[in-house]
Each structure stands twice: as C-alpha cells, then as structure tokens.
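Chemist: The structure under discussion is supplied below as structure tokens; questions concerning it will follow.
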C-alpha cells in the first residue's frame, strides 16, 4: 500500500495535482511529512480515504497518512490489539509469517516475541515505529480456537476444517452471529490431508476404500493391500484437531468406523510425519504442509480413478482429501487492524506467504492439456457414467489447444448455485482477465456433473452451471467484458469424472465448472 501511495503521490507531483480550495478539499500527508497529495474528499470507510484528483479517484490507506482539511473524518488511531487462536498446523509459523508480510505491506515493521509457555506475540508498527497493535498467536488447536473466540479471549479463530452445525448453533444462541456468513467466515488458503508412509515402503498408492479399514484396525498387515508381509503401525491426530476432524468426516464416518485404539496419537502433524518417516511399517495422515520426509501416497477410488496430492489437484479440489483453511470472527465490532489484516489475506503477498509455508495458495495457476492426461484415462475407465465416443471426441477437440486454470467452481447436488468459495474466485478470475495478457485467446467455462440422473438432463444442468458462472464473471468485469477475449459457456454433463461417483465427496468433486484458456490463432493457409 505504501508503494502504491508513493506512486500516486509522484503522479500528482508530476501533473501539478491540485484543486480549487473548498471545504471538501483535503491534503493527505505521508507520516514522515515528505510527500503530500490534495484532492476532493469522497469517502472514508474506516480504513481508506477516497479522494478525487485530476488523475481520477484514488484510494489511500488512512493509517499511512495524516489528513488535513475541514472534510477530514475522525480516524481511530489508538492501538487495536487482537488475538488469533486455533489450528496448531496454521496459527504458529504461518500466521507469524503472514503478520510479517502484513507489516511490510502497511509500511511498518513487526517484532515477534516467542514464548515457550504461552502465546507468541507479534507487535505491528507503522513506518515511524509507532505501535499499531500487539497480536497474540495461540496455536492450541481448532476446538480451543473456537472456545477462545466464543469467550472473547481471541478475535479470530483459525481452523483447517469448517465450523460444524452444532458449534455454529452455540455461537448463534449466544448472539455472536452466523459463523458461516461471508462477513464472518474467510477462506484464505487450502491444504490436503495426505496419507504418509516411510520412503522405504514399496506402496505407491492406496485405495480410498481401504483407508477406513486400515485405520480402524480391520486391515492389520501390509500384504492385505499389496505390500510386504508385515504388521501395519498406525499414526493419527486427536479427533478434536482439524486434521483428525476432517479425516473422520471424509474417511471414517462415511464408512461408519472409528480409529483403532492401537493407533499412536501424535501431538502435531509435524510430529506424526517425523514418526512415520522413521517407521518402515508406519502409515499416518497429516497435512501436506507438514508431510516432512515421509512419502505421500496417491489415492485410488473404487472405480479406479487415481489422484495424486499436488498443489494443482488441491487448488482444483480434485484431490479427495482437500481441505480449506478458515478464519472466523464473531459479529462484534472488530479491531481496525484486524479488519485490515483480514483484507490483506487475499492479496498476492499474503498468498505467496501461504505457499511458501507449505500450504496451497488460492492464486490461479495453469496446467497444459498434456498435464491433464489423467482426466482422459479416467474418462475411459468403466464406470456408471453415461458417455458416447462422440461426446468424448467433442470434449477433446475443444480442449486440444487449451490450458486449464486451477480456478474451479463447485455446486450443490442438482443445483446451479455457487458455493462459499466461488465469490472470491469470481473476483480473482475477473482480476486476472482484466490484465489484458490474453491476446489470441478465448475463455471456456466448461460445466460437468456427477452421474446422478439421466445423461441428457445432466448435459442441460452442466450448461446451466457454466452459464451461471459466465453471468457472475461478466457482472464482476469492468464494463461487463474483456476486449478481444470471447467468454464461452459449454456443458459436457457427466462424461469426464475426476472422482468416483459412489460417494458424496466424489460426487461433489465432479459437480464443477472448469476454466480453460484456448488459443484462437489459426493458420492462414
């Protein structure tokens, strides 16, 4: 933000920026007094000034300038401390890194105070060294994070799973709001639960249906799943942790099984990964971000579709054990520096920090059609999907000279209503397309469904979903379009499953709209 301000100020000086002296004119001065910018006051939203200048309307961070003039609003400049509590995988090092990047972005600095017997404290300052906030980081687990938020000990709860219905009901009854509402729930990154073994173990992939049998103790020998004749040693996280809760939700509960009492319970994902890496007979589940030196197994569905855990398959949420990273606030008035920090989480510097910490960022990445080879293998594996050879040829012809973006939109069963992550992804896609970097391209929004229902009806439903995304994207684009970039909506129904349709999670993965950029340059001959 400071860099943007200096750029705007430089523009103003270069153009001799100024306005007629009226009661609505304000002067914004940098905190060190070195530069200033004048313009007609337009708005103050609690964090940013908007002023009108001869180069257009400029939005300036109110905490990086001093405002002079009769129209200047009152800005709360007092220190606004806040607390962050939750996942042991995310809150510690990840949020310390995010706060450090946030300090750079707001032109100040951060000072971290580590503690062995209590929360880590990070102090945020402005560019003059004045304190803006002391932030406490308590990495004590998802359940404790919600407990701290409920009791006012923390202002932000960080979870590697969504809040469940019962937990949300408790917040509602207490008058603390609906935690699933967009203004109280922020999805700021992704991660994947990965199945880990020692690198000395010859197994490379594991059947998804075997996971519940293994971790419940029904399967106890590696030779029962194609390995050596040796006992299986289990490693898990406590069920109250984000890792344990998501694993139960996606794997154990659908199979109506519970984790074996013989499993070794690790205090953190990093501890679990280290234990598995050192045990040739061990198997465990942890986050991709904390997989350490252990080997990650691909997951194979009952229908034979196999998916590796990669940043791309996690971004597209095709990897079956993908999980979102959530930040929750109550409906109470938030400390102003926390509001600034929450806005920062979806910026490029924050997303880069998330990726650098081993998690998966929300930014768009690309994969060539060649790298999408598994989708074609999956399409020809015998399943319950209604598909003709002509449909497969039609899809291939449309994608043959195209690259896929990781942005993928998902839907409820039988619905064309976008899910909770979609609004932010619409904004990301609109911003990406607005760069003007896609000459000789056209955007394809391609809808797919699960196998529930008749094939013909699913083609219609997939078209509806693709057109729903197209309408939302056009509404988000400046002027409602991108010059010289056609945006087309197509639907191919159920013909390209990326997961098996015999589970709720597999069907959820298949209900999607993919985003592709296709070359439009043709030969002149």
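Chemist: Which residue out of 157, 133 is at pLDDT below 95, in contact with a helix residue (DSSP H, G or I) (Cβ under 7 Å, 6 or more places away or on another chain) and assigned to a strand (DSSP E or B)? Explain how you work it out, then say what you get.
Modeler: Details: 157 fails: at pLDDT below 95.
Criteria check complete, one pass: 133.
Chemist: Between 17, 5, 94, 99, which is modelled with pLDDT under 85 and assigned to a helix (DSSP H, G or I)? Working first, answer last.
Modeler: Working: 17 fails: assigned to a helix (DSSP H, G or I); 94 fails: modelled with pLDDT under 85; 99 fails: modelled with pLDDT under 85.
Sole residue among the options that is modelled with pLDDT under 85 and assigned to a helix (DSSP H, G or I): 5.
Chemist: Tell me which residues, restricted to region 122-139, are surrounded by 17 or more Cβ atoms within 10 Å (Cβ to Cβ) and in contact with a strand residue (DSSP E or B) (Cβ under 7 Å, 6 or more places away or on another chain). Break it down into steps so the answer makes sense when it comes.
Modeler: First, pick out the residues of region 122-139 that are surrounded by 17 or more Cβ atoms within 10 Å (Cβ to Cβ): 122-126, 132-139.
Scanning region 122-139 gives 122, 123, 124, 125, 126, 132, 133, 134, 135, 136, 137, 138.
Chemist: Considering only residues that are within 13 Å of the chain's Cα centre (by Cα) and assigned to a loop (DSSP other than H, G, I, E, B), which ones fall in region 292-333?
Modeler: Taking region 292-333 and keeping what is within 13 Å of the chain's Cα centre (by Cα), we get 311-317, 322-327.
Matches in region 292-333: 316, 317.
Chemist: Checking residue 182 against (1) closer than 24 Å to residue 356 by Cα; (2) modelled with pLDDT under 90, only one condition comes out false. Which one?
Modeler: With respect to (1) closer than 24 Å to residue 356 by Cα; (2) modelled with pLDDT under 90, residue 182 is out only on (1).
Chemist: Inspect all residues belonging to region 63-86 and state whether any of them is assigned to a helix (DSSP H, G or I), at pLDDT 90 or above and within 29 Å of residue 249 (Cβ to Cβ).
Modeler: Narrowing region 63-86 to residues assigned to a helix (DSSP H, G or I): 63-64.
Restricting the remaining residues to those that are at pLDDT 90 or above gives none.
Taking every residue of region 63-86 in turn, none turns out to be assigned to a helix (DSSP H, G or I), at pLDDT 90 or above and within 29 Å of residue 249 (Cβ to Cβ).
Chemist: Given the conditions (1) within 24 Å of residue 428 (Cβ to Cβ); (2) in contact with a strand residue (DSSP E or B) (Cβ under 8 Å, 6 or more places away or on another chain); (3) not assigned by TED's automatic domain parsing to the domain that holds residue 215, and given that residue 347 satisfies all but one, which numbered condition is not satisfied?
Modeler: (2)
Chemist: Being touching a helix residue (DSSP H, G or I) at 6+ places or on another chain (Cβ under 9 Å) and either over 28 Å from residue 319 (Cβ atoms) or modelled with pLDDT of 90 or more (or both) narrows it down to one residue among 496, 503, 524, 434; which is it? Steps first, answer last, please.
Modeler: Details: 496 fails: either over 28 Å from residue 319 (Cβ atoms) or modelled with pLDDT of 90 or more (or both); 503 fails: either over 28 Å from residue 319 (Cβ atoms) or modelled with pLDDT of 90 or more (or both); 524 fails: touching a helix residue (DSSP H, G or I) at 6+ places or on another chain (Cβ under 9 Å).
434 is the lone residue from the list that is touching a helix residue (DSSP H, G or I) at 6+ places or on another chain (Cβ under 9 Å) and either over 28 Å from residue 319 (Cβ atoms) or modelled with pLDDT of 90 or more (or both).
Chemist: Identify, by number, the condition in (1) surrounded by 15 or more Cβ atoms within 10 Å (Cβ to Cβ); (2) without any contact (Cβ under 8 Å) to a residue 24 or more places away in the chain that residue 480 doesn't meet.
Modeler: The one condition residue 480 does not meet is (1).
Chemist: For region 498-510, enumerate the residues that are under 21 Å from residue 255 (Cβ atoms) and in a loop (DSSP other than H, G, I, E, B).
Modeler: Our first condition is that a residue be under 21 Å from residue 255 (Cβ atoms); within region 498-510, this holds for 499-510.
Within region 498-510, 499, 500, 501, 502, 503 qualify.
Chemist: A further question on this structure: For region 40-63, name all the residues that are buried (at least 17 other Cβ atoms within 10 Å of the Cβ) and touching a residue at least 24 places away in the same chain (Cβ under 8 Å).
Modeler: 41, 44, 51, 53, 58, 60, 61, 63
The values are calculated or read from the model by the stated rules, or taken from the named source; none is laboratory data. Everything numeric here is computed off the predicted structure, so don't read it as measured data. Note: ideal-geometry Cβ built from the backbone for every residue, glycine included; neighbour counts use all protein chains shown.
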